[in-house]
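Trainee: Shown below is the structure under consideration.
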Amino acid sequence: MTLKELKISKLDELFSLELTIPSYQRPYRWSKKSTNMLFQDTYQAFQDGLEEYRIGSVILHKENENYNIVDGQQRLTTLSILLYCLGDKNSKLLKQTYNPLSNQAIVINYEILSNRIRELSKDELEKYKDYLLHHCTVVQIVTDNEQEAFQFFDSQNSRGKPLKPHDLLKSYHLREMNQVDETRKAQIINQWENIKEDDLDELFKNYLYPLTHWYKGKSGLKYASNKIDIFKGIKSNNVYNYAIYHKASHLFVEQFNSNGSNELIGSNKLNEFQLNQPVLAGTRFFHYTYHYQDLLHQIQKINKQQDIQLPKKRTGDVYIKQLYECVLMFFADRFGMESLTEMAIKTFYTWCYSLRLVMEAVYLETIDNYARKGHDRVNNGLNMFQEIAEMNGPEEIKLIVLEKPTVIEKNKEKYKDIYNKLWEWNGWK
């Protein structure tokens, strides 16, 4: 990788640059705890008389006279707020147009740092400010190529404290959006940042990763940063036959839906994604994520409206509930939400909760094995997800015959409602 500049910079040198916050950057959300710790660490270094205090690294993309902050925006914004509290009212960075979602955190952290600064004497204020500007340093990495800046960001974070998988995916797909205008890019990223971190983590770990593996008979466990390749999709420069085919289909469905035409089908829009098909790198990945988050919410809404029990007090119960949501998602993804008829729902509920009735304890490994090949206690050899993936129509669910489970005696009472419903629905005696 070719770098334009790599050096140790004092804060006054760094802040003299025309630093800019690109529209794709996430909102400023540094916590009160992290903000207070930054003050404590730098103030302690000042009191100890350290000649140099290294704060970390920043990655900048030089574009004309501007330096776009690729990595380090949260820390630099907090340092700018701190210097503002110390009397530096001319911060170029704070004059940037921040995402509206940043405002609350900026105000709160300003109040935190203002309170800390009021603890200092007037003499200390000036000396501490001088220390920040001339003795606190960062590793400054500058490149004039945006894609290289993102690659460096990835490599830096993979060697240090690992980012969450969806953070790495965000960075990867941003690099594939170099043909997207900044306004559109900002809209897409704002939508991404409005999703809670835990919700993104759960969506990929408990639903999308297992679903993209189970129908192939592969394990859906242990999703982590080193297993995100399946979500990187097809790059725009891939010219193999399969890649061209999928790029063309994505392009067609986007254009079809944007035109609002319904000449080919009876509904207003075509479904844009399939869990057993690759996604395109870049913008389409973000739409893929939003699409399946919405589908999951629709499934969960249906479940709340059904008069069936979904226990979740015990860990094993939570795993079964997630399996049930997964199979409903996979079926609805292939055939549409309208395919989730009462009969289909009862079939999938029976398949999932038969496992609960025959097991004293349910672990993630239990769920993973059952999803791929059934269990030796019930539905042995049945991969429900593979069956769905090979169906030509939703009515083929009627062709699946489920085994009557041999229920553990204490589960007949512990899960009495489930037991009674399964026997009633399936005519078991």
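Trainee: Taking the convex hull of the alpha carbon atoms in the stretch 368-429, what volume per residue do you get, in Å³?
Mentor: Numbers: hull volume 6.5 nm³, N = 62.
Taking the convex hull of the Cα positions in the stretch 368-429, it is 105 Å³ per residue.
Trainee: Given the stretch 280-362, what whole percent of its Cα pairs are spread farther than 18 Å?
Mentor: Values: 1576 of 3403 pairs.
Roughly 46 percent, once rounded to a whole number.
Trainee: Still on this model: If the stretch 16-138 were replaced by its equivalent ellipsoid, with semi-axes equal to the square roots of 5 times the Cα gyration tensor eigenvalues, what would those be, largest first, whole Å?
Mentor: Values: eigenvalues 113, 58, 32 Å².
One finds semi-axes of 24, 17, 13 Å for the stretch 16-138.
Trainee: Which entries in 205/304; 170/227; 301/410; 185/235 show an alpha-carbon gap greater than 24 Å?
Mentor: 301/410
Trainee: 5 Å is the cut-off here: which amide hydrogens, built 1.01 Å from N in the peptide plane, fall below it relative to residue 235, excluding neighbours closer than 5 in sequence?
Mentor: Correct list: 281.
Trainee: On C-alpha positions alone, give me the angle between the axis of helix 241-259 and the longest principal axis of the chain, in degrees, nearest 10.
Mentor: 90
Trainee: Taking R0 as 30 Å, what's the FRET efficiency between residue 413 and residue 306 from their Cβ-Cβ distance, rounded to 0.05?
Mentor: For residue 413 and residue 306, the calculated efficiency is 0.85.
Trainee: Follow-up. Using the Karplus equation 6.51 cos²θ - 1.76 cosθ + 1.60 (θ = phi - 60°), what ³J(HN,Hα) coupling, rounded to whole Hz, does each residue of the stretch 334-348 give in order, writing x for Gly and Pro?
Mentor: Karplus values, whole Hz, x for Gly and Pro: 7, 10, x, 4, 5, 6, 7, 6, 4, 5, 5, 4, 5, 5, 5.
Trainee: Report the dimensions of the stretch 325-429 along its three principal axes from the alpha-carbon atoms, largest first, rounded to Å.
Mentor: Here the Cα extents, ordered largest to smallest, are 39, 29, 20 Å.
Trainee: How many angstrom lie between the C-alpha centres of the stretch 1-76 and the stretch 372-405?
Mentor: The stretch 1-76 and the stretch 372-405 have Cα centres separated by 55 Å.
Trainee: Sorted from largest down, give the three principal axis spans of the alpha carbons of the chain, whole angstrom values.
Mentor: Dimensions of the chain along the principal axes of its Cα atoms: 87, 53, 34 Å.
Trainee: Another one. Can you give me the angle between helix 122-135 and the longest principal axis of the chain, using Cα atoms only, in degrees from 0 to 90, rounded to the nearest 10?
Mentor: Around 70 degrees separate the two axes.
Trainee: Roll a 1.4 Å probe over the protein chains and send me the accessible area per residue for the chain in Å². Mind dumping the intermediate values first?
Mentor: On the way: 21870 Å² over 429 residues.
The answer is 51 Å² per residue.
Trainee: Determine the share of the chain's accessible area contributed by carbon and sulfur atoms, expressed in whole percent, with a 1.4 angstrom probe. Let's see the in-between values first.
Mentor: Values: 10110 of 21870 Å².
That share works out to 46 percent.
Trainee: Calculate the radius of gyration of the Cα atoms of the stretch 1-64 to one decimal place, then report Dmax, the largest Cα-Cα distance, as a whole number, both in Å.
Mentor: Just the Cα atoms of the stretch 1-64 yield Rg and Dmax of 14.8, 40 Å.
Trainee: A further question on this structure: Within the stretch 1-131, how many lysine pairs that are 8 or more places apart, or on different chains, have C-alpha atoms less than 15 Å apart?
Mentor: 4
Trainee: Under a point spin-label approximation (7 Å from Cα along Cα-to-Cβ), what is the residue 380-residue 40 distance to one decimal in nm?
Mentor: Simple spin-label model gives 5.9 nm for this pair.
Trainee: Calculate I(q)/I(0) for the stretch 181-253 by the Debye formula, one identical point scatterer on each C-alpha and no solvent, and give its log10 at q = 0.14, 0.20, 0.22, 0.24 Å⁻¹ to two decimals.
Mentor: These q points yield log10 I(q)/I(0) values of -0.68, -1.11, -1.13, -1.11.
Trainee: If you don't mind, there's one more thing I want to ask. Could you give P(r) for the stretch 206-325, binned at 5 Å from zero, as whole percent values over all Cα-Cα pairs?
Mentor: So the P(r) values, bin by bin, are 2, 9, 15, 18, 19, 15, 11, 7, 4, 1, 0.
The values are calculated or read from the model by the stated rules, or taken from the named source; none is laboratory data. Here the structure is a predicted model, which means the values were calculated and not measured. Here the Cβ is made from the backbone with ideal geometry for all residues, glycine too, and neighbour counts use every protein chain on show. Surface accessibility is based on the protein's heavy atoms, side chains included, excluding ligands, DNA and RNA. Shrake-Rupley method; radii C 1.70, N 1.55, O 1.52, S 1.80 Å.
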